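A short worksheet on the structure shown next.
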Amino acid sequence: MRIVVADHIAEDPGLRDAWHHLVLQMEEPEIFYTFEWAMAVQQAYSSSLKPFIFLGYEAEALVAVVALAQRSNGEIAFLSADTGDYCDFVSDRARRDEFVSAVVSELECRGISRIVLTNLPEDSASLNSIQRIAQSGTYHLHTRPAYACAQVVLGSNDHRLALKQSLTGKKSRRRMREMQKRGEVSVLHETEAEKIQALLEPFSHAHVARFLENGKMSSLLRAERRNFLQELTKRTGQHGWVVMSRLLVGGVTAAWHFGFCFCGTWFWYQPTVNALYSDCSPGYSLLSKIVELACDFPQLDTVDLGLGAESYKDRLATSTRQTLYCVLSDSLAKHVREIVRYRTSVVATSSARVERTIRAMISCANTLKSKLRTTTMQQFAGWGLRRIKHAISACDDMLFFEWSPTAQNSCAADLDLVPLDADLLGAAAIRYVDDPDAMQYLTRSAQRFRSQCAEGFALLDSEGVPVHFCWVRPHEGFEMAELSRKLQAPSMDSVIIFDCYTPAAARGSGLFSRAIALLARRLSSEGKRVWVFGAKANQSSLREIKKTEFVYRFTLGRKTRFFVRTNHDSSSEESLLSPGSKPLSTNVSS
């Protein structure tokens, strides 16, 4: 076998056809092994991955191929490692051993010290070849389980019929009735590339928002991943492999799924749901509809549920396919470190309490590292001393202001205040992905949005970009974290504006005052008494409130002396302002 190494995949129809022919010769043909998938990764991740393409020829015929890549740390991995649920060397079984040996030998000659083969199927013929190479060569092999991919094997006609009947049981009908109360329920499957590409932006927003609700970061936050889906849709759509499925309730998408139909398998690749319908399990309902539809197509024999050990997959799965994480290291020391790191992680995750403690310690360490990166040592020391001083002795005062019902506020026409939804949350996270403070705020907002304990609003600029966020909820019983106390409302129609935030990139334009004025006007027109508060220590915030028609009413405070906290309240405005500050209002009431 003659090996050719290339630093990119050529846009060559002949290569594409020969590559596809090899994929069909695999033990389990997967869309992740295709020319189209590799090209989409190469196109989207050109700035972060250096392709390493190995082509095996006999005479002039292509008989084997594997798409690898060199990462920034010098290690070699599968090109599709971060995007494909299965990765492998592509050839027929008879040539696999020779090809794998030739590839590893070439990497050894090039001085590659670490080869990481992620998501290699346990039933792949490549595994035996890798194990044999490790026993006789210079590389040390560490293999551990990666993912158990759940699968629904459709089987015979009788089995398909029984499976369809099980999907329309009592629980399924109850979930469907709950959704039907909110609107007509329908399921759409789109296979035209252009139509799917138009749906990818709202799908990405929904996916990002869903992850934020769970305190996680979606892969679609980054432009590379979104570009990858666009490119992948264009390329696989030419063959009819890509499918965008949606479950709609009253015309609103309650669940999404971006997947593929390839060589007898409908692949469950990237799903997400709308938080407003999460109580009806729309994602599971959509998956059930996909399995039900697959049962009607004889050319489909499997619904592969892919990576991830979500519990809903276990309800449907009839089989699993194990993938492995294989690391080839050129030194014994690196090999031992790899094993120790893995064993340590197993011990850490065996106990939920231990795992939470470790994650909390890592989070604290990351916060300190971030602070050190963005400040000087002197500033860092000052920050630490201020926190210690505040814990020992502090006085936290919150000034409360009420919206004047006779106020006539005017706001610029280039701004629009709209209710916050999952689409806006996702769009905002994508916009401010490189702002850690903004991402922390949006994560908190997404979790609050899911709980529906308050109503969120976003201020949009003339281009529809969210530039400020704020929340409102009933005043009565409001949990004030700053003072560790619940508020009592002066009347039952009182509401309070809280947790207002402007991303760093949009600051300096007085958006806070404009947003709360617009929101107060809206709420006041609904017959609400509107309140807002600001910390005495935050004079810039108080100045912004002063620009509006909010009127100072009273102050709630908390003192800390040697870790002992006591509440103190006041209505004396002058005593609460810092030296040299102008009075906020002459309208004071207790």
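The values are calculated or read from the model by the stated rules, or taken from the named source; none is laboratory data. All figures in this text were calculated on a predicted structure; none of them were measured in a lab. Cβ coordinates were reconstructed from backbone atoms using ideal geometry, including for glycine residues, and neighbour counts include every protein chain displayed. When the accessible area is computed, the model is the full protein with side chains, heavy atoms only, and any ligands, DNA or RNA have been set aside. Shrake-Rupley method; radii C 1.70, N 1.55, O 1.52, S 1.80 Å.
Taking only the stretch 453-486 into account, find how many residues are free of Cβ contacts under 8 Å to residues at least 24 places away in the same chain, under 20 Å from residue 530 (Cα atoms) and not small (Gly, Ala, Ser).
6
Just the residues that are surrounded by fewer than 19 Cβ atoms within 10 Å (Cβ to Cβ) and in a helix (DSSP H, G or I), please, taken from the stretch 442-479.
Of everything in the stretch 442-479, those that are surrounded by fewer than 19 Cβ atoms within 10 Å (Cβ to Cβ) and in a helix (DSSP H, G or I) turn out to be 444, 447, 448, 450, 451.
Would you mind telling me which numbered condition in (1) open to solvent by 30 Å² or more (accessible area, probe 1.4 Å); (2) outside any strand (DSSP E or B); (3) at pLDDT 90 or above; (4) of a type outside the set (Asp, Glu) residue 500 fails?
For residue 500, the exception is condition (2).
One line per residue, one yes/no per condition, for (1) over 18 Å from the mean Cα position of the chain (by Cα); (2) free of Cβ contacts under 8 Å to residues at least 60 places away in the same chain; (3) at positive phi:
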{"residue": "162", "(1), (2), (3)": "yes, yes, no"}
{"residue": "169", "(1), (2), (3)": "yes, yes, no"}
{"residue": "184", "(1), (2), (3)": "yes, no, no"}
{"residue": "200", "(1), (2), (3)": "no, yes, no"}
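Has the stretch 128-140 got at least one residue that is among the hydroxyl-bearing types (Ser, Thr, Tyr) and either open to solvent by less than 40 Å² (accessible area, probe 1.4 Å) or touching a strand residue (DSSP E or B) at 6+ places or on another chain (Cβ under 9 Å) (or both)? Talk me through it step by step, then tell me what you get.
Pass one, the stretch 128-140, residues among the hydroxyl-bearing types (Ser, Thr, Tyr): 129, 136, 138-139.
Checking the rest, the ones that are also either open to solvent by less than 40 Å² (accessible area, probe 1.4 Å) or touching a strand residue (DSSP E or B) at 6+ places or on another chain (Cβ under 9 Å) (or both) come to 129, 139.
So far as the stretch 128-140 goes, yes, one or more of its residues are among the hydroxyl-bearing types (Ser, Thr, Tyr) and either open to solvent by less than 40 Å² (accessible area, probe 1.4 Å) or touching a strand residue (DSSP E or B) at 6+ places or on another chain (Cβ under 9 Å) (or both).
Out of (1) touching a Lys or Arg at 6+ places or on another chain (Cβ under 7 Å); (2) within 24 Å of residue 427 (Cα to Cα); (3) open to solvent by 10 Å² or more (accessible area, probe 1.4 Å); (4) of a type outside the set (Lys, Arg), what's the single condition that is false for residue 190?
Residue 190 satisfies all of (1) touching a Lys or Arg at 6+ places or on another chain (Cβ under 7 Å); (2) within 24 Å of residue 427 (Cα to Cα); (3) open to solvent by 10 Å² or more (accessible area, probe 1.4 Å); (4) of a type outside the set (Lys, Arg) except (1).
Counting only residues that are under 18 Å from residue 486 (Cα atoms) and among the charged types (D, E, K, R), which one in the stretch 544-564 is modelled with the highest pLDDT?
The extreme case among them is 553.
Filter the stretch 256-278 for residues that are more than 20 Å from the chain's Cα centre (by Cα) and open to solvent by 30 Å² or more (accessible area, probe 1.4 Å) and give the result.
Passing the criteria: 261, 263.
For the stretch 204-216, does any single residue satisfy the condition of being acidic (Asp, Glu), touching a residue at least 24 places away in the same chain (Cβ under 8 Å), part of a helix (DSSP H, G or I) and open to solvent by 40 Å² or more (accessible area, probe 1.4 Å)? Can you show your working first?
The first filter runs over the stretch 204-216 and keeps only residues acidic (Asp, Glu), leaving 213.
Okay, now just the ones that are also touching a residue at least 24 places away in the same chain (Cβ under 8 Å), so 213.
Right, trim to part of a helix (DSSP H, G or I) and you get 213.
Among the residues that remain, those that are also open to solvent by 40 Å² or more (accessible area, probe 1.4 Å) are: none.
No, the stretch 204-216 contains no residue that is acidic (Asp, Glu), touching a residue at least 24 places away in the same chain (Cβ under 8 Å), part of a helix (DSSP H, G or I) and open to solvent by 40 Å² or more (accessible area, probe 1.4 Å).
Go through the stretch 526-539 and report how many residues are at pLDDT 90 or above and open to solvent by 20 Å² or more (accessible area, probe 1.4 Å).
Residues in the stretch 526-539 being at pLDDT 90 or above and open to solvent by 20 Å² or more (accessible area, probe 1.4 Å): 5 in total.
Just to verify a result, which residue in the stretch 92-127, among those that are among the aliphatic types (A, V, I, L, M) and not in a helix (DSSP H, G or I), is surrounded by the most Cβ atoms within 10 Å (Cβ to Cβ)?
Narrowing the stretch 92-127 to residues among the aliphatic types (A, V, I, L, M): 94, 100, 102-104, 107, 112, 115-117, 120, 125, 127.
Still in the running and not in a helix (DSSP H, G or I): 112, 115-117, 120.
Working: 112: 19, 115: 22, 116: 17, 117: 27, 120: 23.
This residue is 117.
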